[in-house]
C-alpha cells in the first residue's frame, strides 16, 4: 500500500511526472490545470511549499515503494476550523481503493494533527468515482455548484474526535 507523505521539495520530479502522465485522464473528470501549470511547475511547487509552511494549506502525496507518486490529497484554505479537500489518483492505480483509503487517512490527520472540524469537497455530477469516494468516507451532499461550467455537487464532512499518533 502506498504511503501518504507531506509534500516536500524532493517529491517535485515524481509529482511532475504524475501530473504529466495523468493529464488527459484527469481532464476527463476535473478541470484541466492548463499549460502554465506545467511550464511553471518548479515555481508553483515552491509557492505551494511556502503556503504549507504557513499552515494555510496541507499537501500530501501517495508514494509507492520506488518513490513514484500514485496520488495526491490536498487540504487548502485552512481557516475557521475547516478546509477544502481535493484528491487525484493515477489512472494506473485507480479502482484499487486508494482514494478511499487516502481520504479516510487525511480526515484523521485533519482532525487530529491539523485541528480541523469540517472538510468541504466538490465534484462534477459525471464523476461517479469521486462521488462514491466521498460517500464512502462520510461526506454528505450540501449543495450544488458549477466547476468550470460543469454541474456538480458540494459535500461536507464534520470530523469527530480522531486522534493521530505521530
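Laboratory data are not the source of any read-out in this text; all were calculated from the coordinates shown. Keep in mind that this is a model prediction, so the values were computed, not measured. Note that each Cβ is placed from the backbone with ideal geometry, even for glycine, and that neighbours are counted across all protein chains shown.
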Segment 74-160 shape via C-alpha gyration tensor axes, a/c threshold 1.5:
oblate
Post the alpha-carbon centroid distance, segment 66-127 to segment 129-143, in whole angstrom.
12 Å
How large is the helix-only mean residue ellipticity at 222 nm for the chain, computed as the sum of -39500 (n - 2.57) over DSSP H runs with n ≥ 4, divided by its residue count, in deg cm²/dmol to the nearest 500?
-10000 deg cm²/dmol
Given an 8 Å cut-off on Cα distances and at least 6 residues of separation, report the relative contact order of the chain as a percent.
19 percent
In a Gaussian network model over the chain where Cα atoms closer than 10 Å are linked, find which of 146, 49, 109 has the largest mean-square fluctuation.
146
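Classify the chain from the C-alpha gyration tensor, please: rounded if a/c falls under 1.5, else prolate or oblate depending on whether a/b exceeds b/c.
Working: a/c = 1.36, a/b = 1.10, b/c = 1.24.
Note, shape of the chain comes out rounded.
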At a Förster radius of 25 Å, what calculated FRET efficiency corresponds to the Cβ-Cβ distance of residue 129 and residue 54, to the nearest 0.05?
0.20
